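**Q** Handing you a structure now.
The values are calculated or read from the model by the stated rules, or taken from the named source; none is laboratory data. It should be emphasised that the depicted structure is a prediction, and the values quoted were computed from it without experimental measurement. Backbone-built Cβ (ideal geometry, glycine too); neighbour counts: all protein chains shown.
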Amino acid sequence: MPPRRPSPPPAPPPEGLLTVESVGGEGDGVVRTAEGRLLHVPGALPGEVIRLGAGSDGPVLLSVDRASPDRRAPPCPHFGTCGGCALQHWDETAALAWKVERLRATLALERLETDILPVVTTAPGGRRRAALHARRGPTRTEARIGFKARRSWSLVELSDCAVLDPAITQALPLLRRLAAPLLEHPKSAPALHVTVTDTGLDIDVTGVEARSGGLSADARQLAAEVAGQGDIARLTLAGDILFQQRQPVVRLGRARVVLPPGAFLQAAPVAEAAMAAEAVAAADGARRIADLFCGVGTFTFPLAEVAPVLAVDGSPPAVAALVAAIATAPGLHGITAETRDLFRRPVAAAELRRIDVIVFDPPRAGAIAQTAEIAQSGAARVVGVSCNPATFARDARRLVDEGFRLERVRPVDQFLWSPHLELVAVFSR
């Protein structure tokens, strides 16, 4: 066969004044040129007249010659280079309306129509967990800490962050010193997964080179000493404890749960409380409830105030933490917990025959196998919690095809100034 000819490089975007007709993609403007071409332009807003240039990764916004009335001054000095936020330049009301319309359109692709309730919003400084990346700093005793730059592996060093809980931003100087010994090996690219708990910061470190023997005893000791100088409850390295002065505890309903290292937790307490309230309201009057993909019990403990709960998840540490926390919450209805891979071995419809309300909160990939079993169950009501409207719509279609009705959807804007939107949905027979 003759060798394949390489594809010609894409033509650079035209430079000139263009009117943005709509907004799409990941929160970036979609520009329609005079020739009818569609270009994704980060930072453009509807109705603006802008000047474009050619960048290495696509069109670049050079200037805004006529700004949208919805354009705002970004509150963060890192906006535009930091990959953490995409919508700080957009009026929050207008951006939220755009997110809801994207959700409505995503549901429509699966022929789903329903009532979309007012959005649960979160405020600046409300995010209690973050993955901060570390790189070598100006000295051996201090690293650089921040988020990855937009469309890049480069690091944007943080001096502050308008999204994060102040407990995290106030700890940045300590985290820089804490990260320095983690960079002992030149191939290490540490990420500090920081969570604000009721008893202090919980930090789980990943990305440290392990093939060469891992972190030396001296580096471990130095990291532990630095952790002891701040309000750090626990420091773990890929799950192994390096330092602990208190157990990291969060309250879920009546229960006090000790988090396993690296455990999943909803990003904003306000959003978590709203999601749990929606699930509890939908479960009112239930005789028995199933909480599938239960994690450490975000919904399990509030639901157990209504009726006995079967809680199932694929993470043994999460289920163990849930079980251990039951003793801290007297007065609840019974909780039965099980560790089970719900992708490979979903809870069968026959096992759900005595369940009348099912709550499921799968990862971004959704839960098509488990949804098929839920659809065949005898449950009168189902609550779906999702961080991905596209996979939710696919799973919801299966439920609707089997006789459920999508009653309502509550959008949850948990990730401020991002295009991301989560939801809680209620189905009934």
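**Q** Among the residues of segment 373-390, is there at least one that is buried (at least 19 other Cβ atoms within 10 Å of the Cβ), out of contact with any Lys or Arg (no Cβ under 9 Å at 6 or more places or on another chain) and either of a type in the set (D, E) or part of a loop (DSSP other than H, G, I, E, B) (or both)?
**A** Yes: segment 373-390 contains one or more residues that are buried (at least 19 other Cβ atoms within 10 Å of the Cβ), out of contact with any Lys or Arg (no Cβ under 9 Å at 6 or more places or on another chain) and either of a type in the set (D, E) or part of a loop (DSSP other than H, G, I, E, B) (or both).
**Q** Further question: Can you confirm whether segment 184-191 contains a residue that is in a strand (DSSP E or B) and either surrounded by fewer than 23 Cβ atoms within 10 Å (Cβ to Cβ) or in contact with a Ser or Thr (Cβ under 8 Å, 6 or more places away or on another chain) (or both)? Even if it seems obvious, please write down each step before you answer.
**A** First, pick out the residues of segment 184-191 that are in a strand (DSSP E or B): 191.
Pick out the ones that are also either surrounded by fewer than 23 Cβ atoms within 10 Å (Cβ to Cβ) or in contact with a Ser or Thr (Cβ under 8 Å, 6 or more places away or on another chain) (or both) and you get 191.
For segment 184-191, residues in a strand (DSSP E or B) and either surrounded by fewer than 23 Cβ atoms within 10 Å (Cβ to Cβ) or in contact with a Ser or Thr (Cβ under 8 Å, 6 or more places away or on another chain) (or both): present.
**Q** Looking only at segment 77-108, which residues are among the polar types (S, T, N, Q) and under 25 Å from G384 (Cβ atoms)? Don't jump to the end; show me each part of the working.
**A** Going through segment 77-108, the residues among the polar types (S, T, N, Q) turn out to be 81, 88, 93, 106.
Listed by number, the list holds a single entry, T106.
**Q** Confirm whether L406 is in contact (Cβ under 8 Å) with a residue 24 or more places away in the chain, in a strand (DSSP E or B) and in contact with a Ser or Thr (Cβ under 6 Å, 6 or more places away or on another chain).
**A** On the way: in contact (Cβ under 8 Å) with a residue 24 or more places away in the chain: yes; in a strand (DSSP E or B): yes; in contact with a Ser or Thr (Cβ under 6 Å, 6 or more places away or on another chain): yes.
In short, yes.
**Q** Let me ask something else. Considering only segment 353-366, state which residues are in a loop (DSSP other than H, G, I, E, B) and either within 22 Å of A281 (Cβ to Cβ) or touching a Lys or Arg at 6+ places or on another chain (Cβ under 8 Å) (or both). Spell out how you get there, then give the answer.
**A** So the first thing to find is which residues in segment 353-366 are in a loop (DSSP other than H, G, I, E, B), and the list is 353-356, 361-366.
Within segment 353-366, R354, I355, D356, D361, P362, G366 qualify.
**Q** Within segment 204-219, can one find any residue that is in contact (Cβ under 8 Å) with a residue 40 or more places away in the chain, touching a Pro at 6+ places or on another chain (Cβ under 8 Å) and buried (at least 21 other Cβ atoms within 10 Å of the Cβ)?
**A** yes
**Q** Among the candidates F360, F343, single out the residue that is over 16 Å from A396 (Cα atoms), of a type in the set (F, W, Y) and in contact (Cβ under 8 Å) with a residue 24 or more places away in the chain.
**A** F343
**Q** Of all residues in segment 78-119, how many are surrounded by fewer than 21 Cβ atoms within 10 Å (Cβ to Cβ) and assigned to a strand (DSSP E or B)?
**A** Summing the residues that are surrounded by fewer than 21 Cβ atoms within 10 Å (Cβ to Cβ) and assigned to a strand (DSSP E or B) in segment 78-119 gives 3.
**Q** Report, ordered by the first and then the second residue, all pairs with beta carbons closer than 6 Å, sequence separation of six or more or different chains, a first member in segment 234-263 that is within 30 Å of G331 (Cβ to Cβ), and a second member that is in a loop (DSSP other than H, G, I, E, B) and at pLDDT below 95.
**A** P261/G239
**Q** Quick check, is V400 in contact (Cβ under 8 Å) with a residue 24 or more places away in the chain, outside any helix (DSSP H, G or I) and touching a strand residue (DSSP E or B) at 6+ places or on another chain (Cβ under 9 Å)?
**A** On the way: in contact (Cβ under 8 Å) with a residue 24 or more places away in the chain: yes; outside any helix (DSSP H, G or I): no; touching a strand residue (DSSP E or B) at 6+ places or on another chain (Cβ under 9 Å): yes.
Taking the combined requirement at face value, the residue does not satisfy it.
**Q** Output the residue which, of all residues in segment 127-150 that are surrounded by fewer than 18 Cβ atoms within 10 Å (Cβ to Cβ) and not basic (K, R), is modelled with the highest pLDDT. So that I can check it myself, show each step before the final result.
**A** Looking only at segment 127-150, we keep the residues that are surrounded by fewer than 18 Cβ atoms within 10 Å (Cβ to Cβ), and these are 131, 135-142, 148-150.
Imposing the further condition that a residue be not basic (K, R) reduces the set to 131, 137-139, 141-142, 149.
Numbers: A131: 96, G137: 88, P138: 84, T139: 83, T141: 86, E142: 89, A149: 89.
In this case the residue turns out to be A131.
**Q** Could you give every pair whose Cβ atoms fall below 6 Å, whose first residue belongs to segment 101-129 and is closer than 21 Å to R405 by Cα, and whose second residue is β-branched (V, I, T) and not in a helix (DSSP H, G or I), counting only separations of at least 6 or pairs across chains?
**A** Listed by first residue and then by second, the contacts come to T114/V409; I116/V409.
**Q** May I pose another question? Could you figure out which of (1) over 26 Å from Q266 (Cβ atoms); (2) among the charged types (D, E, K, R); (3) in the same structural domain as R410 (by TED's automatic domain parsing); (4) surrounded by 15 or more Cβ atoms within 10 Å (Cβ to Cβ) isn't true of E48?
**A** The single condition E48 does not satisfy is (3).
**Q** Let me ask something else. Go through the residues of segment 248-264 one by one and say whether even a single one is more than 20 Å from V323 (Cα to Cα) and assigned to a loop (DSSP other than H, G, I, E, B). Please lay out each step first, then the result.
**A** Residues of segment 248-264 more than 20 Å from V323 (Cα to Cα): none.
For segment 248-264, residues more than 20 Å from V323 (Cα to Cα) and assigned to a loop (DSSP other than H, G, I, E, B): absent.
**Q** In segment 195-245, what residues are more than 20 Å from T141 (Cβ to Cβ) and either hydroxyl-bearing (S, T, Y) or not assigned by TED's automatic domain parsing to the domain that holds A180 (or both)?
**A** Answer for segment 195-245, where residues must be more than 20 Å from T141 (Cβ to Cβ) and either hydroxyl-bearing (S, T, Y) or not assigned by TED's automatic domain parsing to the domain that holds A180 (or both): T195, T197, T199, T206, S212, T236.
**Q** May I pose another question? Working carefully through the options R177, R151, find the one that is among the basic types (K, R), touching a helix residue (DSSP H, G or I) at 6+ places or on another chain (Cβ under 9 Å) and either outside any strand (DSSP E or B) or on the phi > 0 side of the Ramachandran plot (or both). Quick ask: steps written out before the conclusion?
**A** Working: R151 fails: touching a helix residue (DSSP H, G or I) at 6+ places or on another chain (Cβ under 9 Å).
On inspection, the qualifying residue turns out to be R177.
Results for (1) in contact with a Phe, Trp or Tyr (Cβ under 6 Å, 6 or more places away or on another chain); (2) outside the structural domain of G295 (by TED's automatic domain parsing); (3) of a type in the set (A, V, I, L, M); (4) farther than 25 Å from L265 by Cα, shown as yes or no for each residue.
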{"residue": "V347", "(1), (2), (3), (4)": "no, no, yes, no"}
{"residue": "A350", "(1), (2), (3), (4)": "no, no, yes, yes"}
{"residue": "R353", "(1), (2), (3), (4)": "no, no, no, yes"}
{"residue": "D356", "(1), (2), (3), (4)": "no, no, no, yes"}
{"residue": "R364", "(1), (2), (3), (4)": "no, no, no, no"}
{"residue": "Q376", "(1), (2), (3), (4)": "no, no, no, yes"}
{"residue": "N388", "(1), (2), (3), (4)": "no, no, no, no"}
{"residue": "P411", "(1), (2), (3), (4)": "no, no, no, no"}
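**Q** Quick check, is R344 out of contact with any helix residue (DSSP H, G or I) (no Cβ under 6 Å at 6 or more places or on another chain) and either modelled with pLDDT under 95 or part of a helix (DSSP H, G or I) (or both)?
**A** Details: out of contact with any helix residue (DSSP H, G or I) (no Cβ under 6 Å at 6 or more places or on another chain): yes; either modelled with pLDDT under 95 or part of a helix (DSSP H, G or I) (or both): no.
So R344 fails the test.
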